[in-house]
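All remarks here apply to the structure that follows.
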Amino acid sequence: MRTIRRAVPLRPLAVALVAAGVGLLAACTPGTHDEPAAARASSASVVQTPAEGFAVVARVLRHPRCLNCHPAGDRPRVGDDARLHAMEVQRGPANHGVDALRCDACHRDANQPLAELPGAPHWSLAPRSMGWEGLDDHALAAALRDPATNGGRSLDDVLRHVTEDPLVLWGWDPGPGRSPVPVPHDAFVDALRTWIEGGAPSPEPGIVTTF
């Protein structure tokens with residue numbers, strides 16, 4: 001049964017004291033005990049532990065600029081709303097599309113602002129083994145560690161890949177009509193490095209960290 005209590009007016013001084021007390025309490029109260037540290041990390045600026053580092057990494061990898069090209073199936077997604085690519089575009093045998101609907105039929109090595117077409121070198125879908133769609137943080141961390149699901153890379157190679165690969169860097173300069181990844185690229189790289197150098201631990205199963 002829901003109980004609605006009627007507020008009693010307070011004098012101005014009392015109101016000020018209550019407001020100050022609430023503000024102080026909010027500033028001094030730690031996160032709830034059932035909320036993992038990774039889930040509380042809201043930006044790269046608070047990264048101090050591997051768990052907080054991975055929270056930033058997970059947010060970035062689930063942003064549409066990354067996840068749209070790392071689907072679980074064979075259809076790329078587009079736009080900030082992650083809608084399926086028009087024209088029934090498919091992955092194809094080499095992740096570059098099929099027949100006349102190959103990726104490079106439209107996408108070049110750079111964005112085409114007039115046509116509002118995105119582009120970067122080796123534009124393609126990630127291999128199906130690197131599909132992140134539907135993974136929780138625990139499974140995503142495991143996928144990044146495992147060469148069978150990270151493109152055959154060591155963790156140092158993964159760090160180098162996200163630092164230098166122009167297709168990865170495109171996510172921070174996606175052209176008109178698309179939102180860039182909101183975490184600065186260098187902060188994302190630092191967060192990934194913090195996670196790797198801390199042993200690349202997996203969060204508890206069931207956590208899905210997003211923006």
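Summary table
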quantity: Pairs where the first residue, in the stretch 189-211, is more than 12 Å from L140 (Cβ to Cβ) and modelled with pLDDT under 95 and the second is open to solvent by less than 30 Å² (accessible area, probe 1.4 Å) and not basic (K, R), C-beta under 7 Å, 6+ apart; calculated: F211/H63
quantity: Which listed residue, of A148, A143, is in a helix (DSSP H, G or I) and either within 25 Å of F211 (Cβ to Cβ) or open to solvent by 30 Å² or more (accessible area, probe 1.4 Å) (or both); calculated: A143
quantity: Members of the stretch 75-105 that are of a type outside the set (V, I, T), over 20 Å from L169 (Cβ atoms) and in a loop (DSSP other than H, G, I, E, B); calculated: R75, D81, A82, H85, Q90, R91, G92, P93, A94, G97, R102
quantity: When residues of the stretch 69-94 are limited to those that are under 20 Å from E116 (Cβ atoms) and among the charged types (D, E, K, R), the one most open to solvent (accessible area, probe 1.4 Å); calculated: R83
quantity: Test for R65: is it at pLDDT 95 or above and not in a loop (DSSP other than H, G, I, E, B); calculated: yes
quantity: Yes/no for V208 being open to solvent by 50 Å² or more (accessible area, probe 1.4 Å) and either in a helix (DSSP H, G or I) or hydrophobic (A, V, I, L, M, F, W, C) (or both); calculated: yes
quantity: Checking A187 against (1) of a type in the set (A, V, I, L, M, F, W, C); (2) open to solvent by less than 40 Å² (accessible area, probe 1.4 Å); (3) within 27 Å of H107 (Cα to Cα), the condition it does not meet; calculated: (3)
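So that you can scan it fast, the table gives a plain yes or no per residue for (1) within 17 Å of R62 (Cα to Cα); (2) at pLDDT below 95; (3) over 18 Å from the mean Cα position of the chain (by Cα); (4) not in a helix (DSSP H, G or I):
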site: A115; (1), (2), (3), (4): no, yes, yes, yes
site: G134; (1), (2), (3), (4): yes, no, no, yes
site: D156; (1), (2), (3), (4): no, no, yes, no
site: T163; (1), (2), (3), (4): no, no, no, no
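The values are calculated or read from the model by the stated rules, or taken from the named source; none is laboratory data. Note that the structure is a prediction, hence the values are computed from the model and not measured. Here the Cβ is made from the backbone with ideal geometry for all residues, glycine too, and neighbour counts use every protein chain on show. In case anyone asks, the SASA skips ligands and DNA or RNA and just uses the protein heavy atoms, side chains included. Shrake-Rupley method; radii C 1.70, N 1.55, O 1.52, S 1.80 Å.
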